[in-house]
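Below: the structure, in structure tokens.
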């Protein structure tokens, strides 16, 4: 199996004289609770981090270590966060796009080109490229993936401290058996995504009980 060159997209742009390349990725489209988080990361041209790839393929310990390294060495890091209310209002796909636009707009350094994991941002004025499975093909998107994942996981740990019975530390808000059993036993929290099917039935149930 041929090894993927994580620098391919960046190097092609550098060769065209483009210096500020941003990677954009999201975490949190699937969970039943909390926000979708997007990171926009611009790396220096000589950035090297051995083993960096899609955050889902990294252990938590390694993600945390990589996160610290990226935060220290990146030229800029910015976040776009859309909570469960926005997700319920416009749907998860649109909320993810809004979070992506927000992360790019908030970048302290204006990127000259943006590499985006899978999503298409039709209204983005900056030149951009959408890459399917980009978090495993671009070093910038992989870095954004790690930043977004660690940021959202930390939010889930905070939620877990307040509501340990739901097991957020363990499943990060995804619809696992434990999470669904907790919904059945304890009901929904204000942070749950009411438009998501597994949660929706408990919204109806709580309304019926009132």
Taking the range 24-49, which residues are crowded, with 19+ Cβ neighbours inside 10 Å and in a loop (DSSP other than H, G, I, E, B)? 28, 31, 32, 34, 35, 43, 47
Of those in the range 50-64 that are assigned to a loop (DSSP other than H, G, I, E, B) and free of Cβ contacts under 8 Å to residues at least 24 places away in the same chain, the residue nearest to residue 30 (Cα to Cα) is 59
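Can you name every one of the strands (runs of 3 or more DSSP E) wholly within the range 65-155 that holds 1 or more residues which are surrounded by fewer than 17 Cβ atoms within 10 Å (Cβ to Cβ)? Walk me through it before giving the result.
On the way: elements: 76-82, 113-117, 128-131.
Answer list for the range 65-155: 76-82, 128-131.
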I'd like to check something: does the range 1-16 contain any residue that is surrounded by fewer than 12 Cβ atoms within 10 Å (Cβ to Cβ), out of contact with any strand residue (DSSP E or B) (no Cβ under 9 Å at 6 or more places or on another chain), under 20 Å from residue 109 (Cβ atoms) and modelled with pLDDT of 95 or more? no
Kindly list the number of the only condition in (1) out of contact with any strand residue (DSSP E or B) (no Cβ under 8 Å at 6 or more places or on another chain); (2) more than 30 Å from residue 43 (Cα to Cα); (3) in a helix (DSSP H, G or I) that fails for residue 174. (3)
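The values are calculated or read from the model by the stated rules, or taken from the named source; none is laboratory data. Everything quoted here is computed from the prediction, not taken from an experiment. Neighbour counts run over all protein chains shown; Cβ positions are idealised from the backbone, glycine included.
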